[in-house]
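Only the coordinates and a few stated rules stand behind these numbers; no lab work does. The structure presented is a predicted model; accordingly, all values stated were derived computationally and were not measured. Methodologically, a virtual Cβ is constructed for each residue, glycine included, from the backbone with ideal geometry; neighbour enumeration extends over all protein chains shown.
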Amino acid sequence: MNALDVFSRLASQPPDASALPQTAAPLPLANDRLDGWWSLLYRGWTLLAPSGVRIDLTEIERACFICLLRNPNRELLRDELMALRASTNLRTLNVAICRLRGKVLQTGIRLPLHTVHGVGYVFLGNLRELSNL
């Protein structure tokens, strides 16, 4: 019996479920509604995606979402954010947005935050803050 025969035999057998590690999917909280909204939880420190995935935010990421919530058009104006955070410059903001997009993309979701040349960013999804969490 060669390696190909062993591989073929193993591939044709269904896996033994008892040998697989048992993992449970996290249970969503009763307040988690998967209704197409992106939600900020815990005073803006956690982003809840419409799929139910929770993403922890850094200080600058949180500040970006707070600016988006304050703006009825969901625009993140670079000048507005830099006024809110004195230590933020254009390079810092761009790097933070790039990292945020990457962090969200790692969960299999695309963040609906788009660049507006010369202005800042616009959030093209539904965004809200859930104050009870």
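Structure notes:
- Sequentially through the stretch 89-94, phi angles give Karplus couplings (6.51, -1.76, 1.60; θ = phi - 60°) of 10, 4, 5, 4, 5, 4 Hz, Gly and Pro residues having no value and appearing as x.
- Scalar couplings 3J(HN,Hα) for the stretch 117-130, obtained by applying the Karplus form with A = 6.51, B = -1.76, C = 1.60 to θ = phi - 60°, are 3, x, 10, x, 9, 9, 9, 9, x, 7, 10, 8, 10, 9 Hz; x denotes Gly and Pro.
- Beta bridges assigned by DSSP with both partners in the stretch 35-129 are antiparallel in approximately 75 percent of cases.
- log10 of Debye I(q)/I(0), alpha-carbon scatterers only, for the stretch 73-133 at 0.23, 0.28, 0.30 Å⁻¹: -1.09, -1.23, -1.25
- Rg/Rg_globular for the stretch 35-129, with Rg_globular taken as 2.2 N^0.38 Å and Rg from C-alpha atoms: 0.99
- Val95 paired with Ile109, simple spin-label distance in nm, labels 7 Å along Cα-to-beta-carbon: 2.6
- For the stretch 85-133 and the stretch 41-67, distance of Cα centres in Å: 10
- Given their separation in residues at 0.36 nm each and the Cα-Cα distance between them, Val116 and Arg43 gain 23.6 nm when the chain is fully extended.
- Taking amide H positions as modeled 1.01 Å from N, with prolines and chain starts lacking one, the residues under 5 Å from Glu129 and 5 or more places away or on another chain are Leu40.
- Residues Leu84 and Asn126, FRET efficiency given R0 of 22 Å [Cβ-Cβ distance, rounded to 0.05]: 0.45
- Model label zone, Arg70; criterion: amide N under 15 Å from point 7 Å along Cα-to-beta-carbon; scope the stretch 36-62: 44, 60-62
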